[in-house]
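One structure is given below, encoded as structure tokens.
The values are calculated or read from the model by the stated rules, or taken from the named source; none is laboratory data. Since the model is a prediction, treat every value here as computed from it, not as a measurement. Here the Cβ is made from the backbone with ideal geometry for all residues, glycine too, and neighbour counts use every protein chain on show.
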Amino acid sequence: MENIIEVQNLKKAFKSYSSRQGLKGAFRDLFTRNYTIKTAVDDISFSIKRGEMVGYIGENGAGKSTSIKMLTGILTPTDGKIVVNGMNPHKEREKFVKTIGVVFGQRSQLWWDIAVQESFRLLKKIYNVPDEQYEEHMKDVIDTLDIGPLLDKPVRKLSLGQRMRCELAAALIHNPPLLFLDEPTIGLDVLVKLKIREFLKRINEKYGTTILLTTHDLSDIEALCERVVMLDEGKIIYDGPLKELRENWAEGKQIQFQFSEKATLEELQNLTKDHLVVWEQGESDLIWVASVDSDETVISGVIGKVTAVKKIADLKILEISTEEIIRNIYVEGAVRHG
Amino acid sequence: MGKYMEMIRIRFLMMLAYRTNYYSGILIYSINIGAYYFLWSAIYGGKENIQGLSITQMTTYIAVAWMARAFYFNNIDREIAMEIKEGKVAVEMVRPYPYLNMKMMQGLGEGIFRLLFFSVPGMVIVSLVFPVELSVNLETWVFFFVSILFSFIINTQINLLAGIATFFLFNNDGLIRAKRVVIDLFSGLILPLSFYPMWAQNIMSYLPFQGISYIPSMIFTEGFKGSQVFEALINQAVWSAILIIPVYGLWVLAKRQLVVQGG
Ligand SMILES: Nc1ncnc2c1ncn2[C@@H]1O[C@H](COP(=O)(O)OP(=O)(O)OP(=O)(O)O)[C@@H](O)[C@H]1O
Ligand SMILES: [Mg+2]
């Protein structure tokens, strides 16, 4: 399958000026100014195929939004090559942007003072969408996002969740083959999030829309994306299936015991000295967590040894969550390869 | 073309939503015109005319200058500056249209709204109160409308320049304010240019500002006659064309170093 996005050695450096102190400093600033260079995106390469849904993740300030701005033709790259939908986004801006849809969770693209449907009508004219196509496609979008009752309200009167659903619909008026979403679920409640996820899945299936999305909510990624690209300080530190990331990192399982009587660390270590176990105390001295390899004999061995001696009130086997995995990666700043 | 018409319509709707703001505006403009009327009556004293304008022509000049201002005046310089500062240009850059043309159309939508809901009723009120003389000559009206269209183009291009300057200066409130004063003074809004000393008139004849207010007002009051009217219109047309160059040039430079704040 063909690549819809191709990025090679992409780089973006920002020059930020700092002012000198005092009057003399201000005077000197008139002639020469001090500046520091911040490399927000540092030599990244990747490609995305038609129909993929890719999660673009990384800590705050990792360079996600900056990359998206370059991919959508808003910013000029300092260096490197970008081909999206077969075009150079910055060079052929007007023609290019007709082939993409963009949602920035943090800023509205609808006109604040007019009714949502007036915005839609204007966008329809701007993108030159024929009436029949608009009717058919938008009816579906409006139904799925459940925004019919909002259409005659001015945008400024909508709640965040209502507005975000309208933003998504607005980005899809011309039914673009490629959609960029920068934090589309920021600040939304669980129900709206679910609705948006369902909707994205649906357009991906129905129209084969390629989607690149950034989010800090990893459940979005788990629900939607098979592939993640992880960025740290402007560099790609992982690019691959989410499943693999999980497998390489979530090597162990955790067994949580709740005892009916007090237990001590020594006692527990003694009981399980035949296995490789790390014991940690939970919320009280009745609750202890054993971290073990995810190996059946180890897990049943540990449970057997402990329950033979101590009375338990509750027992849970926990998977390490994606959230935790990602946190560990952020903390270590690199990805282990298994 | 459809998208431009739609943008004008939308801006018109937006203005309509806030139309009550404009009733107070009509009052303020009327007071302004009244104040100038009494000032000029005092200056004229018993004199028949000064610099070729009679007191009635003068009053008409002032009235029409302010009413035309409602049409050509717009805030797109401020809007552009704000969109840049708040990072909203990002959204504009992912839309398939030329940003500056669209801004100009928004200004036009605003201008048409004000012409209909502000200038026309305002002019009716003013001509009931003060001795304003409206021409009965159809030609004069046609020339006047062509002329204020050029006023709009010239003034808007200057606004675009001031707005785009935000890309380079980042905080250009001062520049925008200074620009406003310069236009009010040098365009002939406050004082017909023929009242300025000769050397100042000479300088101003090389600047685009007279095309904003002085020319349409002189056409309306029939202060310009015969070939003077055509020369004035040609002057406006030439400036409308010349200003495209710096606007376009500055825009190309600005896009290259566009930095979007936030997000
Ligand atoms: N206009 C700018 N001038 C200077 N530095 C900038 C500018 N825009 C972004 N940066 C810097 O570039 C880096 C990457 O910013 P970016 O907005 O791409 O991060 P992000 O990954 O989207 O973060 P977040 O998750 O917080 O949205 C940050 O360190 C930021 O300070
Ligand atoms: Mg961001």
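Residues B:Tyr4, B:Tyr23, B:Tyr18: which one is out of contact with any helix residue (DSSP H, G or I) (no Cβ under 7 Å at 6 or more places or on another chain) and under 30 Å from B:Pro96 (Cβ atoms)?
Step by step, each of B:Tyr4, B:Tyr23, B:Tyr18 is checked, and only B:Tyr18 is out of contact with any helix residue (DSSP H, G or I) (no Cβ under 7 Å at 6 or more places or on another chain) and under 30 Å from B:Pro96 (Cβ atoms).
Just to verify a result, which residue in the stretch A:72-111, among those that are within 19 Å of B:Lys255 (Cβ to Cβ) and of a type in the set (A, V, I, L, M), is surrounded by the most Cβ atoms within 10 Å (Cβ to Cβ)?
The selected residue is A:Ile74.
What number of residues within the stretch A:110-122 satisfy the criterion of being modelled with pLDDT of 90 or more and either within 9 Å of chain B (Cβ to nearest Cβ) or more than 13 Å from A:Ile173 (Cβ to Cβ) (or both)?
Of the residues in the stretch A:110-122, the ones modelled with pLDDT of 90 or more are A:110, A:115-122.
Applying the additional criterion that residues be either within 9 Å of chain B (Cβ to nearest Cβ) or more than 13 Å from A:Ile173 (Cβ to Cβ) (or both) yields A:115, A:118-119, A:121-122.
Number satisfying all stated conditions: 5.
Only one of B:Ala232, B:Ala254, B:Ala241 is within 16 Å of ligand 1 (Cβ to nearest atom) and among the hydrophobic types (A, V, I, L, M, F, W, C). Can you tell me which?
Numbers: B:Ala232 fails: within 16 Å of ligand 1 (Cβ to nearest atom); B:Ala241 fails: within 16 Å of ligand 1 (Cβ to nearest atom).
Within the list B:Ala232, B:Ala254, B:Ala241, the selection yields B:Ala254.
Which of the residues spanning the stretch A:191-221 are among the small types (Gly, Ala, Ser) and assigned to a helix (DSSP H, G or I)? Full working, then the answer.
Quick first cut of the stretch A:191-221, residues among the small types (Gly, Ala, Ser) only: A:208, A:219.
Residue satisfying the conditions is A:Ser219 alone.
Does A:Thr72 meet the test of being away from ligand 1 (no atom under 11 Å from the Cβ), among the β-branched types (Val, Ile, Thr) and within 14 Å of chain B (Cβ to nearest Cβ)? Walk me through how you get there before you give the answer.
Working: away from ligand 1 (no atom under 11 Å from the Cβ): yes; among the β-branched types (Val, Ile, Thr): yes; within 14 Å of chain B (Cβ to nearest Cβ): yes.
Judged against the criteria, A:Thr72 is a match.
Is one or more of the residues making up the stretch A:174-181 within 16 Å of ligand 2 (Cβ to nearest atom), within 14 Å of another protein chain (Cβ to nearest Cβ) and closer than 29 Å to A:Pro89 by Cα?
Here is the first cut: in the stretch A:174-181, the ones within 16 Å of ligand 2 (Cβ to nearest atom) are A:180-181.
Filter again for within 14 Å of another protein chain (Cβ to nearest Cβ), leaving A:180-181.
Subsequent filtering for residues that are closer than 29 Å to A:Pro89 by Cα retains A:180-181.
Yes, there is a match, as at least one residue in the stretch A:174-181 is within 16 Å of ligand 2 (Cβ to nearest atom), within 14 Å of another protein chain (Cβ to nearest Cβ) and closer than 29 Å to A:Pro89 by Cα.
Mind checking which residues of the stretch B:64-75 are surrounded by 19 or more Cβ atoms within 10 Å (Cβ to Cβ) and either within 14 Å of chain A (Cβ to nearest Cβ) or assigned to a loop (DSSP other than H, G, I, E, B) (or both)? Can you show your working first?
Initial filter on the stretch B:64-75 (surrounded by 19 or more Cβ atoms within 10 Å (Cβ to Cβ)): B:64-74.
Passing the criteria: B:Phe73, B:Asn74.
Just to verify a result, which residue in the stretch B:76-91, among those that are at the interface with chain A (Cβ under 9 Å from one of its Cβ atoms) and buried (at least 17 other Cβ atoms within 10 Å of the Cβ), is farthest from A:Gln106 (Cα to Cα)?
Initially, the stretch B:76-91 is screened for residues at the interface with chain A (Cβ under 9 Å from one of its Cβ atoms), giving B:86-91.
Filter once more, keeping what is buried (at least 17 other Cβ atoms within 10 Å of the Cβ): B:87-91.
Values: B:Gly87: 10, B:Lys88: 10, B:Val89: 13, B:Ala90: 11, B:Val91: 11 Å.
Residue satisfying both the conditions and the ranking: B:Val89.
I want to confirm something. Restricting to the stretch A:1-30 and keeping residues that are closer than 30 Å to A:Asn88 by Cβ and of a type in the set (A, V, I, L, M), which single residue is nearest to ligand 1 (Cβ to nearest atom)?
Applying the first criterion (closer than 30 Å to A:Asn88 by Cβ) to the stretch A:1-30 yields A:1-17.
Applying the additional criterion that residues be of a type in the set (A, V, I, L, M) yields A:1, A:4-5, A:7, A:10, A:13.
Numbers: A:Met1: 28, A:Ile4: 22, A:Ile5: 17, A:Val7: 15, A:Leu10: 12, A:Ala13: 9 Å.
The residue in question is A:Ala13.
Could you go through the stretch B:209-222 and let me know if any residue there is within 14 Å of another protein chain (Cβ to nearest Cβ), crowded, with 16+ Cβ neighbours inside 10 Å and not basic (Lys, Arg).
First pass over the stretch B:209-222, keeping only residues within 14 Å of another protein chain (Cβ to nearest Cβ): none.
Scanning the stretch B:209-222 turns up no residue that is within 14 Å of another protein chain (Cβ to nearest Cβ), crowded, with 16+ Cβ neighbours inside 10 Å and not basic (Lys, Arg).
In the stretch B:37-48, is there at least one residue being more than 14 Å from chain A (Cβ to nearest Cβ) and closer than 27 Å to B:Phe113 by Cα? Write out each step before concluding.
Pass one, the stretch B:37-48, residues more than 14 Å from chain A (Cβ to nearest Cβ): B:37-48.
Narrowing further to those that are closer than 27 Å to B:Phe113 by Cα: B:37.
Yes: one or more hits.
When you check B:Ile190 against the structure, is it touching an Asp or Glu at 6+ places or on another chain (Cβ under 7 Å) and in a loop (DSSP other than H, G, I, E, B), yes or no? Explain how you work it out, then say what you get.
Values: touching an Asp or Glu at 6+ places or on another chain (Cβ under 7 Å): yes; in a loop (DSSP other than H, G, I, E, B): yes.
Spelling it out, B:Ile190 is indeed touching an Asp or Glu at 6+ places or on another chain (Cβ under 7 Å) and in a loop (DSSP other than H, G, I, E, B).
Can you tell which of A:Lys64, A:Lys38 is within 13 Å of ligand 2 (Cβ to nearest atom) and either within 14 Å of chain B (Cβ to nearest Cβ) or of a type in the set (Lys, Arg) (or both)? Let's see the steps before the verdict.
On the way: A:Lys38 fails: within 13 Å of ligand 2 (Cβ to nearest atom).
One residue alone meets the criteria, A:Lys64.
Can you work out which of the residues in the stretch A:50-61 that are over 13 Å from A:Leu213 (Cβ atoms) and near ligand 2 (Cβ under 10 Å from one of its atoms) is surrounded by the fewest Cβ atoms within 10 Å (Cβ to Cβ)?
Within the stretch A:50-61, the first condition is being over 13 Å from A:Leu213 (Cβ atoms), and the residues that meet it are A:50-51, A:59-61.
Then drop every residue that is not near ligand 2 (Cβ under 10 Å from one of its atoms), which leaves A:60-61.
Numbers: A:Asn60: 6, A:Gly61: 14.
Per the criteria, the residue is A:Asn60.
Within the stretch B:136-148, is even one residue in contact with a Gly (Cβ under 7 Å, 6 or more places away or on another chain) and of a type outside the set (D, E, K, R)?
Of the residues in the stretch B:136-148, the ones in contact with a Gly (Cβ under 7 Å, 6 or more places away or on another chain) are none.
No, every residue in the stretch B:136-148 fails to be in contact with a Gly (Cβ under 7 Å, 6 or more places away or on another chain) and of a type outside the set (D, E, K, R).
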